[in-house]
Structures are given as C-alpha cells and as structure tokens.
Amino acid sequence: MKAIIMAGGQGSRLRPLTCNRPKPMMPVMNKPIMEHIVNLLKKHGLDNIGVTLQYLPEAIKDHFGNGREYGVSMRYFTEDIPLGTAGSVKNAGEFLDETFMVISGDALTDFDLSKAINFHKEKGSLATLVLTRVESPLEYGVVITEKSGSITQFLEKPSWGEVFSDTVNTGIYILEPEVLDYFNMGQKFDFSKDLFPRLLADGKPMYGVVLDGYWCDIGNLQQYLQAHQDVLSGRAKVSIPGKEINSQIWVGEGVSIDPSVVLNGPALIGDGCDIGPGVKIGPHSVLGEGCRVENQSSIKKSVLCSGVYLGTSASIRGAVLGDGVKVYSNASVYEGSVVGDDSTIKERGIVKPDVKLWPNKLVETGATVQQNVIWGTNSPKNIYGLEGISGLTNVEITPEFAARVGAALGSTLKSGDTVVVSSDSYPACGMIKEAFITGLQSMGIKVINAGALVTPVHRYAVRSIDCNSGVHIKTSSIRSDKIDMVFTNSRGGNISRGEERKIENKLARGDYRRADMNKIVPSELIPGISEAYIDSLSSHEEIDTLRNAAFKVVLAYDNKNLDKYISRIALNSELVVETIGEGNEREPLNWRSYQEMLPKLGNEVVEKGANVGAIIDPNADNLVLVDEKGQIIQEDMLTALLALVVLKERGGPVVVPVTAPKAIDDLAGRYNSKVVRTKTAVQDLLEQIIVHDNGQKEKLSQFLLNFDAMAALVKVLEFCARGNIRVSTLMEEIPAFFVAKKQVPVPWEAKGRVIRHLIEEKPGRLELLDGVKVYHPDGWALVLPDPEEPVCRVYSEGSSMEIAEELTDLYIDKINKIAGE
C-alpha cells in the first residue's frame, strides 16, 4: 500500500513560527512533525510515500530528499495554487494506482495504522476514515457511524446543539483509487466537504474506524506546547531523540552541562547544547540543537528551537523561541509568548504574556513589549557605541559579522589602501581578526596583520606605519564575554562619527564593491612592532634616570596580554616589580575584578615599601595608581594627577572631558595655562589631545598619558625620578574636589524629551558641549544620555560631598518626572 502525506499547509495559526517554514517542518521534540509521520508510516510497512506540497515546498524537499535516509521512497507533487485536500491528492494521481493512505504531515499521532488498514480490507470499503474521540469536538468534523462502523452522517465543526458524538475525523484516510474519479484534475475539491458527502449520498461503502492512541492536530501555539508536554510525559508514544541520562531527562550528542545545573524532568536537551553554571531547567522544557544557555538562566515549560542563545540570568516561562533567537542577560519572556526566528531581546528586555514577535525583531535594552510586534527589523540603525563596535563573543560578534564589517570598512577606502589589523592574545579575538581581514581583502585593501598587540601598541603601529586606517579587536574590559572592535585613523585616534556612519550605511545596504581577483593580495606580517613600541617609550637619558632611582612597584595586570611589555620595560629600567593576582589563560579578568584587588594592592605597596602600585587593564587602556602611602588614585583623581604632570612638565593646554573636576582649572591657573574641555566620547577626547600634542613636539605627550596605561605609569615614574618627588607629594598639590555620579533608567523614546525640558527650564548658566551641564552657586550638574543603553548619567561637583550628592539626586528626580510624563 502507498501513502500520501499532505504537507502543503501554511500553519497560519502557528505564526510567527511558520513565517519561514511550512507547518509540517515545525519541530516537535527537535524533529519536524512530518518526520514523526514518516517514521510512523514506515513502522506500519508504508514505505512508498508521495508528498503533496504548496507552501515553501523546497524546505520539505531539502530535508527529506528521496527518503532514503529515512528508509522510505518519497516523491513530491507540488500544486501552484491551493486545490483543497482532495484536489491536492488528485494532483498525485499518476502515483496512486493502488489502495493508498492519506495522512496529514502536520498532526502528531501514534495510532496503530495497521489496525485501520486491516479494517479497511475486511469491510471492503471504498473510503475508510480514521476516527478518534475528543473531549471538545467543536473545532473538528464530527462523524456519526453505525455499530458496524458504516458512516451515516458528517457534521463539520458543529455547535454544542449539533454535537451528537465525540468521534471526530483525524484527517487520516484509506482510499481506493477510484474515489479520485469523482472530480477533475486541477479542480478545487475537499475530502470532508465535497468528496465524502457525495460518496455517502451515492451509497458507496464508507466506514469509520475508531483508534485508541494519541492524536493532536497542533492547530495553534497552545497545542504546539501541549504536544511537547504530551510526548515528554509519555501520553504520546513518539520516539525521543537522545540518551535518557536520568529519569525522563534525555540528552543529545555533544552536549556540555555544567555540574551545577539543576535539571528537573521530563526534559529534552538537543545535540550540541552548552548549559552553563547555575542554570535551572524545569519540567516540560525542550532545547533544540546548538542552544547556548549562560550562567544562572532559568527555563520552565518552554520550547527553544535550534541555535537559541540565553544570556546570564535570562528567564523563559511557558514560551516558544524560534531558531536563532537571542535573549540577553536579565531579559525575560513570559507564558504564552512566541518569539520568531532570529529575533533579539536585549539586556533587561521583557516580553509580556501572550505576545508574539514576528521574525527578525529587536527588543531594545530595558524595553517592555506588551503587544504583538509584526513590523520592524532586527538591524539596529547604529552599531557603533562609546568606543567602536561591541558585542557578545560568537553571538553578536561572529566571524561572519566580522567579515561583513571588514568589507564595509574596505568599501569606504580606495583599492590599494593599507589597514593595520591587530587583536589581543586571546583566541576568540584572534579568530575575529582573521575573519575581519578576509573582508578587507575582498575589497582589494592591503592588510598589515600586526598580530597580537594591546590597544596603545596598535595605535603606535598605525602612527608608525604609513597606513590609512587600523582596527584592533580586543576582549571588553567591562565584560569578558564581549569583544570590542576599535577603529583607528592614520594618526592612531578613533575614527570620526562621520566615518562610523559611512561604515554603518555600507553594512546596512551590503553594496560592497568587490575587488577583481588580481587585486586581492595576501596580508603582510610585520615583526618587531612590540619591541619598537617599548624602545619608543623612553630616551636613553630617561632610562638612566629610572635606573638610578631604583624604584620598586607592585602591579596587577593580565599576564597573557601584557607580560611581554612589562617584563621588558622593567628589565630596561631596572624596576623591581612585584605582582598580585592570578592570570587566566582562557579569558582576561574584567575591570571590576581588577578594581576589587585595590585594597590588597594598597596594603602590598605599604608593606613592601614600594614607590607606587598600579593596576593595568588587559589591553592597557585603563590605569589605577596607588601612591607609597596606599592612597588609591583613579578616575577623576587620576585625570587631575596626569593633568598636573603635563602642566609641570611642559605647560598647557591640558585636554580633559567635560566631566572632569574644576580642580584642574585651578591647577592650570597656577601654571598660567588653560584647560580644553571636550565631549566624553573617546574619539572627541583623542582628537583634541592629538591636535594639542602636535604643538608640543619633543615634549611629554598627553596622548600617552591618557590612552596608554603602560606609558602613563612609566612617564609618572620618570617625572618623579627626575624631580626626586613622591607621588603622594604630587597628590597634595591637587585642590580638594567633591564629585558624584549616578545613572537613571530612561526609555529611548524619552531621552530627547528629558534633554529638551532641562534646557527649557533654564535654572542657571547652561553649557551644551555634551549633554546639558547646569551651573549652580555651589557646583554643577551634567545630564548625559547614554548612547548604548536606555539610561541617562548624572555627574555633579559641589563645594562639599553633601552638595555634590544633593545635585545628583535633584537631577535624577527631575529626569524621573520628565520621563514619566
């Protein structure tokens, strides 16, 4: 006997999950529904199968092929326009030259089909309908039969007043070929509405056989979730892929599960999943192939399709997530919600119950979605943040993405231009670097692969080599699971916003001008960059000065990235270096972890009688100093100290961000100089420092002091050695100042309103260099919208700490009132 699987359904009630796939390809227990049907047919000896197709037919053909992989033979019959259930089967008429079974490719069942086949043969039936009993028959076709099984009446989706039976049509039929003679090829015709009533009217032998077992039409999203729960609980006798490692817990191949994970069955974890520490997976949860679940996330009664990513402390409750969905840290998706393929829910985003997100949608950081989202795109308008492009490693920043960004950058340059590309020493960044280089090469760009460097050494390389641009790929200092891509210009500074927008536009349009084959050149490796950088830091006289001072320093730094620089600097200058903190070969510590070492560092400096202590971040971008008394010097105090060194060493002007304390102005006044204030963005500060450094050639570079932690440490030590002065003495010269800063959540759409209202209030003298800075009699407050998160940051300075904090709280209250209007 042959079989026909009807697989042309769109599954409109299952949208958004069926926007990109036909309903028979919807995964149940990590296999398409139709695969379960094929396995059932094969089990009962039906291995010669025809398949009727209409909606997205290639998806089914590509998956099943000729059926050999599943132990069956499969042929396909595609209808160009919907022909109805019977019409679509008639479309396969050439295949149906014997008794055949018709079964839906989008219903889940474990019926004993052999029993129905035997019944059909025993009764000599022209058409046999497989029936089952349901609690609520309102959504189905009710079939009334005599005791013999002979059908006497059909009721299609009756009201309760018409419900004379709980026996319904399952859409599984055993038919003789002559039933197809009742209508013409290409005619729209339905089994239950047209053919069966005609056979009944003509008195043809037509029977119904009631089968025990499981059957679910999976007509809506609730039934889709229920089908998974029924299989997991054993109600549906459907094979579950994977190995049962514990009672009702099935795990596929290549799965990594941290020992601290809490697994409560029944649950299925698909092939290649990676489950991090502290994750909780509750009963009736299914994870598709290749899902990655980060620390402390929680999943209950949910279905995750393939390639889903859950960030740290994400929560999924009674929801369905489509293929490739990304749910970032502390985000939540609640009961009854469905997130379409390749959608992204950013940090702290919330999808409320029963909400549907269509594919490729974006929920911004901190946003709450309370109604369906059908239109829109997952592509953010701006991919650049505070410093370049930042994203989760191998989730947002992938090799594919890196190659595209490399091509986008290359398309803004001229063929034959030169770009220096480097990364830190960690494997993930090296991988992204290599992918980025391929994108540049495809544009005909000459690439200098500078190897493993840190950010300031990359900047040095870009300035030293005659090139047009540079890119450094590093592990984020804020989160070690993120990567930053820093884009530099020919002077070693960050590229401008205009240049960023050009790259964003190219990336969005994808209209890259690919180079001819003969214009693609291999990347060039240039050795000795790190050695040249170290030699450039100090003259022979400065090195001799440091040697004579015989300084002792205590350092905390990343061994993997920085030891090759620091050990050489210490050797050249005869510094005695003590270290604290242990490195990590797999990933660097984040900046917060280093700052937690500060109390220990302060104690070590004092106990060992060191001249100074320092923490240098893994890419040498950030610095914290500790003087010989154990006093911590960081952030605004470090900015003031470095400004003082510049003023003493070479005079002004000194360049500082708009957030810097007024004490720097007082210092500049003492040395008959001035202060240049800039926006807080790195590219603005860097650009102004480069401009003012160019007028101070052969003198101390503020570029090095502010953007090179290793150079800043060396230059402060040289200054102290020359003047035989202690760092604590320099600190005593800085006037006391009191600053405070906080942040307040502000929805993206309210940021403009907040700034407008604050300007319109005119409470005092305003400065609009960056955000809104308001001057008060005893201090100032600055409100600055964050470009990457839905928050505003409030900075303030007062004549006392109490006043500074009062000003901060005052503006947080103002912002909350404006944003809440």
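In this entry, Ile383 is excluded by the filter for residues that are over 18 Å from the mean Cα position of the chain (by Cα), modelled with pLDDT under 90 and either crowded, with 20+ Cβ neighbours inside 10 Å or among the hydrophobic types (A, V, I, L, M, F, W, C) (or both).
Just to be sure I understand, how many residues within the range 398-423 are of a type in the set (Val, Ile, Thr), free of Cβ contacts under 8 Å to residues at least 40 places away in the same chain and assigned to a helix (DSSP H, G or I)?
0
Residues that are more than 14 Å from Ile172 (Cα to Cα) and small (Gly, Ala, Ser) number at least 1 in the following strands (runs of 3 or more DSSP E) confined to the range 42-115: 48-53, 73-78. Of the helices (runs of 4 or more DSSP H) entirely within the range 683-799, those holding at least 3 residues that are under 33 Å from the mean Cα position of the chain (by Cα) occupy 751-761.
Counting only residues that are touching a residue at least 60 places away in the same chain (Cβ under 8 Å) and either on the phi > 0 side of the Ramachandran plot or not aromatic (Phe, Trp, Tyr) (or both), how many does the range 528-549 have?
Taking the range 528-549 as the starting set, the residues that turn out to be touching a residue at least 60 places away in the same chain (Cβ under 8 Å) are 529-530, 532-533, 536-538, 542, 545-546, 548-549.
Filter once more, so that each one left must be either on the phi > 0 side of the Ramachandran plot or not aromatic (Phe, Trp, Tyr) (or both): 529-530, 532, 536-538, 542, 545-546, 548-549.
Final tally of qualifying residues: 11.
Scanning the range 643-660 for residues that are within 20 Å of Met710 (Cβ to Cβ) and buried (at least 24 other Cβ atoms within 10 Å of the Cβ) yields Ala643, Val646. Can you tell me which residue is least open to solvent (accessible area, probe 1.4 Å) among those in the range 527-543 that are outside any helix (DSSP H, G or I) and more than 22 Å from Thr438 (Cα to Cα)? In this case the residue turns out to be Ser538.
Under the condition of being under 18 Å from Leu392 (Cα atoms), touching a residue at least 24 places away in the same chain (Cβ under 8 Å) and either part of a loop (DSSP other than H, G, I, E, B) or over 14 Å from the mean Cα position of the chain (by Cα) (or both), the residues counted in the range 277-311 number 2. Each residue in the range 168-191 was checked for being within 20 Å of Gly8 (Cβ to Cβ) and either in a loop (DSSP other than H, G, I, E, B) or polar (S, T, N, Q) (or both), and 10 pass. Scanning the range 470-526 for residues that are of a type in the set (A, V, I, L, M) and in a loop (DSSP other than H, G, I, E, B) yields a count of 6. In the set (1) open to solvent by less than 10 Å² (accessible area, probe 1.4 Å); (2) out of contact with any Asp or Glu (no Cβ under 9 Å at 6 or more places or on another chain); (3) at pLDDT below 95, Val419 fails one condition alone, (3). Return only the number of the condition from (1) in a helix (DSSP H, G or I); (2) touching a Gly at 6+ places or on another chain (Cβ under 9 Å); (3) surrounded by fewer than 22 Cβ atoms within 10 Å (Cβ to Cβ); (4) hydrophobic (A, V, I, L, M, F, W, C) that Val395 does not satisfy. So the condition that Val395 fails would be (1). Among the residues of the range 600-639, write down those that are of a type outside the set (Asp, Glu), under 35 Å from the mean Cα position of the chain (by Cα) and open to solvent by 50 Å² or more (accessible area, probe 1.4 Å). The answer is Asn622, Gln634.
Suppose we keep only residues that are buried (at least 17 other Cβ atoms within 10 Å of the Cβ) and out of contact with any Ser or Thr (no Cβ under 6 Å at 6 or more places or on another chain) within the range 135-157. Which one would you say is modelled with the highest pLDDT? The selected residue is Gly149. Scanning for something without any contact (Cβ under 8 Å) to a residue 40 or more places away in the chain, open to solvent by less than 10 Å² (accessible area, probe 1.4 Å) and small (Gly, Ala, Ser), does the range 439-460 turn up at least one residue? Yes, there is a match, as at least one residue in the range 439-460 is without any contact (Cβ under 8 Å) to a residue 40 or more places away in the chain, open to solvent by less than 10 Å² (accessible area, probe 1.4 Å) and small (Gly, Ala, Ser). Determine whether the range 729-741 contains at least one residue that is open to solvent by less than 10 Å² (accessible area, probe 1.4 Å) and closer than 30 Å to Glu542 by Cβ. There is at least one residue in the range 729-741 that is open to solvent by less than 10 Å² (accessible area, probe 1.4 Å) and closer than 30 Å to Glu542 by Cβ.
The values are calculated or read from the model by the stated rules, or taken from the named source; none is laboratory data. Small disclaimer: the values here were computed from a predicted structure and weren't measured. Positions of Cβ are generated from backbone atoms using ideal geometry, with glycine treated the same way; all protein chains shown enter the neighbour counts. Accessible surface areas use protein heavy atoms only, side chains included; no ligands, DNA or RNA. Shrake-Rupley method; radii C 1.70, N 1.55, O 1.52, S 1.80 Å.
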